[in-house]
Amino acid sequence: MSRSFLRLDAALAVLTVVCALTSLASVGAPLTWNGTVPVAITLGLLLPARRYAPVTVLALSAAVLVGAQYGGLFEGGVIWPMSVAVFSAGLANLTWASVICTLTLAAGVAPTMDLARGGAELLWLALVLALAHGYRQHLRWRAEHEARLREAATTRLAEQRLQIARELHDVVAHTLTVVGLHLNVAAEADTLPEARAAIEVAADVRKKAMADLRSLIGVLRDVSGEPQPELSSIADLVARAREAGLDVTLDERGDPTEVPAAQAMAAFRIVQEAMTNALKHSDARRLLVHLDYSSRQVRLEVVDDGTGPVPYTEGHGLTGMRERVDALGGWLEIEADDGFAVRAGLPV
């Protein structure tokens, strides 16, 4: 554990002890070394373990406070002294934190039947749990946002490298090929031994340059050690979906080899996300994947017979689809009626 975490835990432990003593004193409990002070110190010492078992720490803190109250050490204040433990447990498991705190509050109010104090503590409990829930949602959103940014950066890098690879292949490789043809013609036409030797050396150098160029193009097309998905990989998606029990029909028309890499990657990701949604979020039994490759655009359609929610909520997966299509200047249609349908067009 880093020093910053240790300092934070120490600060929270001290703060908890001070707040516990303050809250106990506010309800008239005497601050004694054989009573309330050990209770407050125990609450503080439990806190560092919240990083590993936050719900357990909350349960132990609640047991200490309720036990102290039933032992006659004080009356009231069972939620406020363990606010940090409540927040930490709410981050980890909001349901269990709510259950433990509700039982603790009920046990703390029962001996005195002080409904006014119970209402105030209930409001404080609701505030702490609401803050924990909001912070947890913020952390989840930030993690998803960072993951999407990393994916977008990886996609842009892959597209740039593929564009460089295409340019090298189309321009430099073509030029070297033409040079090779002229060298062959010159070798056949020139009879001087010196000239033929020089031409042969030039031809050997060109062959090595072609080999190096092919190797470089291969490296550029390989991003992060893994080949980028191609349209031919959609057949693997279909096979995996069939293994999962989905009846998938794949209909492809046109020549997929003529589709540029950026459009091919976007089409693969859209089909992948649509299949994932069909498997996870609906009771679909059949799925149709239609792909039409032409010289002007790639049209794709993924339709299932599932019973998803209507109206549907556009989550990160569907948002990612729309962003991929918009980046290529295409269009996207999503329908949720009798089944779920995703249709898109990607200009070539």
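Restricting attention to region 37-84, the residues being without any contact (Cβ under 8 Å) to a residue 60 or more places away in the chain and under 31 Å from the mean Cα position of the chain (by Cα) number 12. A single member of Arg117, Arg161 is among the basic types (Lys, Arg), open to solvent by less than 60 Å² (accessible area, probe 1.4 Å), over 33 Å from the mean Cα position of the chain (by Cα) and at pLDDT below 85, and it is Arg117. Under the condition of being crowded, with 22+ Cβ neighbours inside 10 Å and of a type in the set (Lys, Arg), the residues counted in region 38-85 number 1. Take region 243-255 and flag every residue that is at pLDDT 85 or above and open to solvent by 20 Å² or more (accessible area, probe 1.4 Å). Matches in region 243-255: Asp247, Thr249, Leu250, Asp251, Glu252, Arg253, Gly254, Asp255. Considered as a group, the residues in region 295-317 that are at pLDDT below 80 and not in a loop (DSSP other than H, G, I, E, B) include one that is surrounded by the most Cβ atoms within 10 Å (Cβ to Cβ), and that residue is Gly317.
Of the residues that make up region 191-211, is at least one surrounded by 12 or more Cβ atoms within 10 Å (Cβ to Cβ), in a strand (DSSP E or B) and modelled with pLDDT under 75? No, every residue in region 191-211 fails to be surrounded by 12 or more Cβ atoms within 10 Å (Cβ to Cβ), in a strand (DSSP E or B) and modelled with pLDDT under 75.
Which members of region 249-286 meet the condition of being of a type outside the set (S, T, N, Q) and either without any contact (Cβ under 8 Å) to a residue 12 or more places away in the chain or closer than 14 Å to Gly339 by Cα (or both)? The answer is Ala274, Met275, Ala278, Leu279, Lys280, His281, Asp283, Ala284, Arg285, Arg286. If you go through region 320-348 and pick out every residue that is in contact with a strand residue (DSSP E or B) (Cβ under 7 Å, 6 or more places away or on another chain) and either without any contact (Cβ under 8 Å) to a residue 12 or more places away in the chain or within 19 Å of Asp292 (Cα to Cα) (or both), you end up with 19.
Here is a list: Arg150, Arg140. Which entry is of a type outside the set (S, T, N, Q), under 23 Å from Ala327 (Cβ atoms), part of a helix (DSSP H, G or I) and at pLDDT 75 or above?
On inspection, the qualifying residue turns out to be Arg150.
As for region 132-141, it holds at least one residue that is aromatic (Phe, Trp, Tyr), loosely packed, with under 13 Cβ neighbours inside 10 Å, out of contact with any Lys or Arg (no Cβ under 8 Å at 6 or more places or on another chain) and over 21 Å from Pro48 (Cα atoms). Asp283 satisfies every condition listed in (1) over 17 Å from Ala344 (Cα atoms); (2) over 26 Å from the mean Cα position of the chain (by Cα) except (2).
The lone criterion from (1) at pLDDT 80 or above; (2) among the small types (Gly, Ala, Ser); (3) buried (at least 19 other Cβ atoms within 10 Å of the Cβ); (4) over 36 Å from the mean Cα position of the chain (by Cα) left unmet by Gly108 is number (1).
The values are calculated or read from the model by the stated rules, or taken from the named source; none is laboratory data. Predicted model, so just to flag it, every value in this text is computed and none were measured. Reconstructed Cβ throughout: ideal geometry from the backbone, glycine too, with neighbour counts over all protein chains shown. The area values use the complete protein model at the heavy-atom level, side chains included, leaving out ligands, DNA and RNA. Shrake-Rupley method; radii C 1.70, N 1.55, O 1.52, S 1.80 Å.
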